[in-house]
Amino acid sequence: MLTLFSSLISFLMGGLPKILELFQDRADKKHELALAAMQTERELTLKKAGLEAQERIEHIQTEQIQINAEVTNNQTAMQERQALYAHDIALGQGASIWVTNMRAATRSVITYGMFIMFMFVEVFGFYYAWHTDVAFDVALNHLWDDETQIIWACIVSFWFGGQAFKSK
């Protein structure tokens, strides 16, 4: 039960940015609905006044404003991404290739190192149990206990759960 619970939490932690983005999207849509309601009310007022031509002009202007806002948002996101890349490149300037490569490989080195350590402990534990004539079921209960299952489930859920949330 604890393994299932920890897997669920790890899976959700990998997708936390997407969950937060969902709340932001919900707030944006609520704001857009409010603007649409105000625009509809204004259009009804204009129709009552007999200003249909003015309504068409304003509709075209509204569409143009929306297109400009989308372009501006896309340009801003692209500029922010480029600034982050430029900052990352600036941090690496003047550093040796070895330092640059280690900085780029930090997460993968830690992940692989922890996995190798985990495998070493498990394999050595099995080897020790085999040579001391420990029964297989007893060795298995000690090597693959609840805590080990929780750790393994958390790691797999976090890494692969995060990948599931990243796809668009």
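The values are calculated or read from the model by the stated rules, or taken from the named source; none is laboratory data. In this text the structure is predicted, and so the values were computed from the model without any measurement. Because the Cβ atoms are built from the backbone with ideal geometry, glycine has one as well, and the counts that use them run over all protein chains shown.
For region 1-29, a tally of residues being more than 19 Å from the chain's Cα centre (by Cα), loosely packed, with under 10 Cβ neighbours inside 10 Å and not aliphatic (A, V, I, L, M) returns 0. May I ask you to verify whether Glu43 is surrounded by 11 or more Cβ atoms within 10 Å (Cβ to Cβ), more than 19 Å from the chain's Cα centre (by Cα) and farther than 30 Å from Ser157 by Cα? The answer is yes for Glu43. Restricting attention to region 78-135, which residues are among the small types (Gly, Ala, Ser), surrounded by 10 or more Cβ atoms within 10 Å (Cβ to Cβ), within 24 Å of the chain's Cα centre (by Cα) and assigned to a helix (DSSP H, G or I)? Scanning region 78-135 gives Ala83, Ala86, Ala104, Gly113.
Taken over region 3-44, the criterion of being basic (Lys, Arg) and more than 30 Å from Ile150 (Cα to Cα) is satisfied by Arg26, Lys29, Lys30, Arg42. The residue list Gly125, Gly161, Gly113 contains one member that is closer than 25 Å to Gly14 by Cα, in contact with a helix residue (DSSP H, G or I) (Cβ under 9 Å, 6 or more places away or on another chain) and small (Gly, Ala, Ser), which is Gly161.
Specify which of the listed residues (Ala139, Ala153) is among the aliphatic types (A, V, I, L, M) and in contact (Cβ under 8 Å) with a residue 60 or more places away in the chain.
One residue alone meets the criteria, Ala153.
Residues considered: Ala86, Ala104. Of these, the only one that is modelled with pLDDT of 85 or more and aliphatic (A, V, I, L, M) is Ala86.
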